[in-house]
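J.: My questions will all concern the structure given below.
The values are calculated or read from the model by the stated rules, or taken from the named source; none is laboratory data. Quantities reported herein were computed from a predicted structural model and do not represent experimental measurements. FYI the Cβ positions are ideal-geometry reconstructions off the backbone, even for glycines, and counts take in every protein chain you see. Calculation scope for accessible area: heavy atoms of the full protein, side chains included, ligands and nucleic acids excluded. Shrake-Rupley method; radii C 1.70, N 1.55, O 1.52, S 1.80 Å.
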Amino acid sequence: MEPETRTLSAAVREHLRQLCLHEFPCGTGSWVSLVDKELLKFVKLEELVLSANQIKEIDTTNLPPTLKVLELYGNKITSMECLCHHPPPRLQHLGLGHNNLLGHLESLHVTSDHWPNLVSLDLSFNNLTDLHSMVAGLQTLQHLRLLLLQGNPLALVPHYRGFTIDSLARLCVLDDITVASSEKHLFRGLSHSEDLLVPEAQILVTVGNLRGVLDSSVLDPEPGPQGPFITYNYYVTYDFVEDEEGEGSQYSGVLAEIIKPPSSLEQLGEDILEEIIEDIEESLESGLASLSELGEMEESIVSGASEPLPQSIGSAEELAKLRPLLDPRLCPSPGTVLFSTVPKPWSDVIPCNYELQHTLKDLVPLKAFLLSGTMVTVVEEKILSWPVEQPPSSDSPLAAKKGKGEKDKKEKEKDKKDKKGKDKADKGEKEPPKAQKGSKKQKELPKEMRQDPPILRVLGSSPVVLEALLAGESFVSTVCNFGVIRTLEADRLTLNRDAKKNKKGKKAALEVKSKTKMPAAPVFESDYQPEPLTVEIQIQLIQWRSTEEALRGLVI
């Protein structure tokens, strides 16, 4: 579409080319940035459309007083003040959508003192934030019937539609949706609770089932007595806007900037164990950070929080050294914070069961975030555990000295037991048998284990578009599809492993097949159709549907 408007007649459009000053070329057309007094020559002009131009302000003394429609959609106007000096007295429609209107003072420029005959007003997709002040100004427009405010930060609060409808009793259409009498009834009285209505947005994020995950554990060799013992967990992350006006630590425990150790940069393969050990040794030798420090930072670094950095980071230089180790897909974008579901072990369907309500007071950054969308990422967490070697008991001098002192005590106890046993033998009582050394119970006692820091691998990452929440939709629900990552070999190994675990043999194998939807061996490649990696996600903008619901939400 060319930048020139197509709603004007060809003669008017050509005349505007000649009359308007400071035109800037753009491709084959031109941008209008200023309208001069030559426009007054159109003494009967009733409709003027100057949309999609570079206009920053208009001297209304240059507008014909006969104007009834003025459309300035998609310009760069920052304030309505320039339109209020000598506005056209007969104006019935004013279109200022998709401009740069900002600030609570804009409510002073939408009153009947400037627009006594205004019937339709479009202020959509600006940066207006103060709903109560704006509605107070609009209440003076006695003829106002059509109003567009969607796309503004003020429209993101839960009480936006109900409060506006109850405050503007004569309104017929709000944001291109007819205001029915039943809707007016549902919101009756909400405007009287203005003092209780907090200007903050509430957004509910829900993460459902995760499917199609590759079971990486079947690719690892069996651990020896000295380890490593490997466990896998899987979780989903998404970034969300950081609320500078809210409490920085209100989400402590779920806010985390994920740091990826260098060993996770390698892909899983046939020699995965050797690669992991080599990477860990290299990271230790390079002196970037100790493994324990990396593990602590994995759990404790909070992106954008007001809390100080953990003690495991000794200086800013150490943090700077760690920055290159971060996988970009595991780091939040500027102005956002990374959230994650609880890590869970592998299964054919992993239920995330995640739900979190974000409450934000800073509405302008929230609008910018919704325009850009969020990034959803599926992460595999691999943890290597090693048995802790117990220190020898008799090597140290202290242990030897202690043993010598206890020798006499043991002999005395032995004499007492012998005497006691002899007395029982005389009475005909039998001494209960002693527990044998190396019994099954003792063998099952778990050894103390130490864990390496988690090795993180991104299985899939996908953007989620959220612009629909600005355009009036109440929620965005989607299934993120990251493609197929499962392999024929891995699924065969998983099926065989699950079948061996179950003592029921063939029957168990059939049950596993029906549950996991994996073909029984032998499997032919032509018949193999693995499920893609997917995750269910829904992001809902909370909007109250009645005064009763609003008051209930305020009480909660």
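J.: Taking all protein chains together and a probe of 1.4 Å, list Val535, Val465 from the most accessible to the least accessible. Intermediate values should be presented prior to the final figure.
T.: Working: Val535 0, Val465 110 Å².
Reading off the accessible areas and sorting them downward yields Val465, Val535.
J.: Next up: Between Glu222 and Gln451, what FRET efficiency follows from the Cβ-Cβ distance if R0 is 22 Å, with the result rounded to 0.05?
T.: On the way: r = 19 Å, r/R0 = 0.87.
For Glu222 and Gln451, the calculated efficiency is 0.70.
J.: Here is a follow-up. What accessible area per residue, rounded to a whole number of Å², is obtained for the range 127-203 using a probe radius of 1.4 Å?
T.: So the range 127-203 comes to 41 Å² accessible per residue, rounded to a whole number.
J.: Within a Cβ distance under 13 Å of Asp175, other residues only, what is the Lys/Arg minus Asp/Glu net charge?
T.: Taking every other residue near Asp175 into account, the sum is -3.
J.: Assuming 0.36 nm per residue, please report the length gained on full extension of the stretch Ala136 to Val342 beyond their Cα-Cα distance.
T.: Result: 69.6 nm gained on full extension.
J.: Quick check: Cα centre of the range 61-99 to Cα centre of the range 532-550, how many Å?
T.: Value for the Cα centre distance between the two parts: 37 Å.
J.: Given the peptides 470-477, 175-182, 44-51, arrange them by the average over their residues of other C-beta atoms within 10 Å, most packed first.
T.: 44-51, 470-477, 175-182
J.: Leaving out ligands, DNA and RNA, what percent of the accessible area of the range 76-136 is carbon and sulfur, probe 1.4 Å?
T.: Whole-percent figure for carbon plus sulfur exposure: 52.
J.: In nm, give the distance between the simple-model label positions of Thr66 and Tyr528, each being 7 Å from the Cα along the Cα-to-Cβ direction.
T.: For Thr66 paired with Tyr528, the spin-label model returns 7.8 nm.
J.: With labels modelled as points extended 7 Å from the Cα through the Cβ direction, what inter-label distance (nm, one decimal) is found for Val484 paired with Lys184?
T.: Those two pseudo-labels are separated by 5.9 nm.
J.: Given points 7 Å out from each Cα along the Cα-Cβ axis, report the Lys500 to Leu196 separation in nanometres with one decimal.
T.: 6.4
J.: Using a Förster radius of 60 Å, what is the FRET efficiency between Leu356 and Lys41 based on their Cβ-Cβ separation? Nearest 0.05, please.
T.: 0.50
J.: I'd like to compare 143-156, 186-199: which one has the highest average count of other Cβ atoms within 10 Å, and what's the full order after that? Intermediate results must be reported in sequence, preceding the final value.
T.: Numbers: 143-156: 22.0, 186-199: 15.9.
Averaged packing, sorted descending, gives the order 143-156, 186-199.
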